[in-house]
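S.K.: Sending over a structure as structure tokens; questions will come in a sec.
Computed from the coordinates by the stated procedures, all read-outs in this text should not be read as laboratory data. Since we're looking at a predicted model, the values are computed, not measured. Neighbour counts run over all protein chains shown; Cβ positions are idealised from the backbone, glycine included.
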């Protein structure tokens, strides 16, 4: 799409414009994710999820009708502004699971990403420029208006198809998605999911559980108290040092992942003379599909077993180290393209894509488990995940622009050795992964969560007996 806008006569400048295009989505998320997360803490997860799906369906369709860079940038930014579903879905998963099944539950989230990574590139590569890809079909249809429409908007069909999935998800969610936020759940929610029924009270670590607070009542065997107005300090207290370290690591993961994703598309479709692989849209789609299959395999079959055997933190650190090596090595595949050794190129590329997608899925899943584990006793899950996604959106916004600019700069830096010009961006992303590996040694495993003091269930009979003994 960027190349079709003909923004520059220099093909190496495509990386600069592509970087800012990818960044616009994340920059919008940076300014809106905490808002959506906090709103979900107040009004519930379900309505915000549905708003995000509908908003994405609308804005993604508009993006497909872009005919110039300015319009594409605006619609891509709007798509990011209405989309905060990742953090909210993590909050929902955390609210219906505990430490015993976090690994399996959170592994399903990257699995859905893997399914999308398989289906998305396939559909995009198959249906982009439909008039050029299916000339026989349009000749048979003999509809000049339809042909002219898809010639004018060659990227509209895959975007419309993607929006259809979002719309279907919104319809399905409206009828089937249950609210998970305590206080907004269905009356029988805890019983069906075997979750202890939470009671929100003002009891905290400095207040005796059996306090004779006159505002308390013991109706139905549950201790209730008057609600307190939440302050900024309440939100700040939710961000413990452990959560800060995990969020920082998650931010570095997002930065390296988004840079690698955008640079992979740019690098593989660049000319062989510029250090690329010379792929067309179909070959790029095939490569991304292979990556998605590797991610799905890791999430469904491998990750839960590895997590149970080795633990979250050791597995997390190992994958960070492996990722730094694999990403550094990836750029040297260009040697096969330059020698026209295409069978060797695809063999090595498939191996690297499988390993890379496996490491990425493990890193993301592990960070989700660590955030959920360290924030298990907090009633600000939406805020915590919203903060994590806000900071992640910030680096996702900077990452593609930084990567694209670095890619274009390195190719034009004639004072650098040629191998370094072609390898520079891979060294940069690999260094970020290695820095994250170093930082991970300050992260500890979450302790087994205890039932938080502000969510205890007290049997009225026990309370009455205690009060009677105190009175005596």
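S.K.: Note down the nm distance, to one decimal, between modelled labels 7 Å out along Cα→Cβ at residue 151 and at residue 71.
M.R.: So the two model labels end up 1.7 nm from each other.
S.K.: Let me ask another. Under a plain spin-label model, where a point goes 7 Å from the Cα along Cα-to-Cβ, how far apart in nm are residue 282 and residue 300?
M.R.: Here the answer is 2.7 nm between the modelled labels.
S.K.: Report the Cα-based extents of region 256-352 along its three principal axes, largest first, to the nearest Å.
M.R.: Per principal axis, max minus min of the Cα coordinates gives 46, 24, 22 Å.
S.K.: Once R0 is set to 41 Å, what does the formula 1/(1 + (r/R0)^6) return for the Cβ-Cβ distance between residue 9 and residue 178, expressed as a FRET efficiency to the nearest 0.05?
M.R.: Plugging the Cβ-Cβ distance into 1/(1 + (r/R0)^6) gives 0.15.
S.K.: Once you have a ≥ b ≥ c as the square roots of the Cα gyration tensor eigenvalues for region 291-441, tell me rounded if a/c is under 1.5, and otherwise prolate or oblate according to whether a/b is larger than b/c. Walk me through the numbers on the way to the answer.
M.R.: Numbers: a/c = 2.54, a/b = 1.51, b/c = 1.68.
Because a/c hits 1.5 or more and a/b fails to exceed b/c, region 291-441 counts as oblate.
S.K.: Contour minus end-to-end for residue 309 and residue 416, with contour as 0.36 nm per residue of separation and end-to-end as the Cα-Cα distance?
M.R.: Length gained, residue 309 through residue 416: 33.9 nm.
S.K.: Let me ask something else. How much length would be gained if the chain were fully extended between residue 339 and residue 236, taking 0.36 nm per residue of separation minus their Cα-Cα distance, in nm to one decimal?
M.R.: 31.4 nm
S.K.: Find how many whole Å separate the alpha carbon centroid of region 1-28 from the alpha carbon centroid of region 356-425.
M.R.: With region 356-425 and region 1-28 each reduced to a Cα centre, they are spaced 19 Å.
S.K.: Let me ask another. For the residue pair residue 160 and residue 244, what label-to-label distance in nm results when each label sits 7 Å from Cα along the Cα-to-beta-carbon direction?
M.R.: For the pair residue 160/residue 244, the computed spacing is 5.2 nm.
S.K.: Which of the peptides 31-43, 257-269 is most tightly packed, and how do the rest follow, going by the mean number of other Cβ atoms within 10 Å of each residue?
M.R.: Ranking the peptides 31-43, 257-269 by packing returns 257-269, 31-43.
S.K.: Also, I was wondering about something else. Quick one: length gained pulling residue 431 to residue 143 fully straight, 0.36 nm per residue minus the C-alpha distance? Could you put the intermediate results ahead of the total?
M.R.: On the way: separation 288, 0.36 × 288 = 103.68 nm, distance 5.34 nm.
Contour length minus Cα-Cα distance gives 98.3 nm.
S.K.: Based solely on C-alpha atoms, express the radius of gyration and the Dmax of region 78-118 in angstrom.
M.R.: Rg then Dmax for region 78-118, in Å: 12.1, 39.
S.K.: In addition: First measure r as the distance between the Cβ atoms of residue 129 and residue 35, then evaluate 1/(1 + (r/R0)^6) with R0 = 45 Å and state the FRET efficiency to the nearest 0.05.
M.R.: Values: r = 38 Å, r/R0 = 0.84.
Taking R0 as 45 Å, the efficiency between residue 129 and residue 35 is 0.75.
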